[in-house]
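Notes follow the structure.
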DNA sequence: CGAATCAATAACCATATGGTTATATTATTA
DNA sequence: TAATAATATAACCATATGGTTATTGATTCG
């Protein structure tokens, strides 16, 4: 695993807020800027800037100035690692539950043999 | 999506702490109790109880009293939904970043070699 | 029965989080 | 040049989070 525990704290922390998940979803449609990202939310501009800072801290997005506007885009490198970890985690649960399922089926089998 | 946004806040919030991720990892090895779960951590018992409450609130684990001890186990129903969402999320990223596909294929390859 | 064990709860503390309004900074535009 | 626009920053507030110690309530053990 390339991504370390502290980074993972930040990534999951960033994803634990609906506004930030919404921003990520919007950015999936393509690069944007702060004003456009803020538009859907009934929230002040500074609040959105704070959310962007959290996403940036988690390495999920990056910002760059272009004139007076700040362009925002997802940051593939870190997001890829997060996605890989999340997928790994999902697979981990899946395997765990598959195993539980098998145990339960086994138990049902044994019970039927009584 | 069965799991709603507020539940997702709680799930990601729960996963945003290394201690809680560690507890989930330990529980993957099987059902446990509070004392056993607390053992690996340099932290008081009430602190662990708090973490367990957060995991329970996110629907990732469930607790039940057995005598004087509290048995703790992962709660398949909600955790599966979370895993499903996470997988969906991972797929979402995958669609946007070509390289993710390569990483996942690499992982699949490595797993098949087990 | 009395002591030890398991775990929850209460009260407290420091810091983080998520929001606000006001202000400042830097472009752009009229 | 003056006004407007796009953001960031500062200062503030309420609540949440993550930890502590002390205590309590059951259960189990000797």
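The values are calculated or read from the model by the stated rules, or taken from the named source; none is laboratory data. Please read all numbers here as calculations on a predicted model, not as lab measurements. Here the Cβ is made from the backbone with ideal geometry for all residues, glycine too, and neighbour counts use every protein chain on show.
One line per residue, one yes/no per condition, for (1) modelled with pLDDT of 55 or more; (2) closer than 18 Å to residue A:12 by Cβ; (3) facing chain A (nearest Cβ under 9 Å):
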| position | (1), (2), (3) |
| --- | --- |
| B:20 | yes, yes, no |
| B:50 | yes, yes, no |
| B:57 | yes, yes, no |
| B:74 | yes, yes, yes |
| B:111 | no, no, yes |
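Do we find that residue B:20 is under 19 Å from residue A:6 (Cα atoms) and either within 12 Å of the chain's Cα centre (by Cα) or touching a residue at least 60 places away in the same chain (Cβ under 8 Å) (or both) in this structure? Criteria met by residue B:20.
On the basis of being surrounded by 18 or more Cβ atoms within 10 Å (Cβ to Cβ) and either modelled with pLDDT under 90 or near DNA strand C (Cβ under 10 Å from one of its atoms) (or both), does residue A:2 make the cut? Answer is no for this residue. In segment B:29-48, which residues are under 23 Å from residue A:10 (Cβ atoms) and loosely packed, with under 15 Cβ neighbours inside 10 Å? Answer for segment B:29-48, where residues must be under 23 Å from residue A:10 (Cβ atoms) and loosely packed, with under 15 Cβ neighbours inside 10 Å: B:40, B:42, B:43, B:47.
With respect to residue A:55, is the statement that it is touching a strand residue (DSSP E or B) at 6+ places or on another chain (Cβ under 8 Å), without any contact (Cβ under 8 Å) to a residue 60 or more places away in the chain and more than 13 Å from DNA strand C (Cβ to nearest atom) true? Here the answer is no, as residue A:55 does not meet what is asked. Among residues of segment A:24-52 being within 11 Å of DNA strand C (Cβ to nearest atom) and part of a loop (DSSP other than H, G, I, E, B), the one that is farthest from residue A:6 (Cα to Cα) is A:42.
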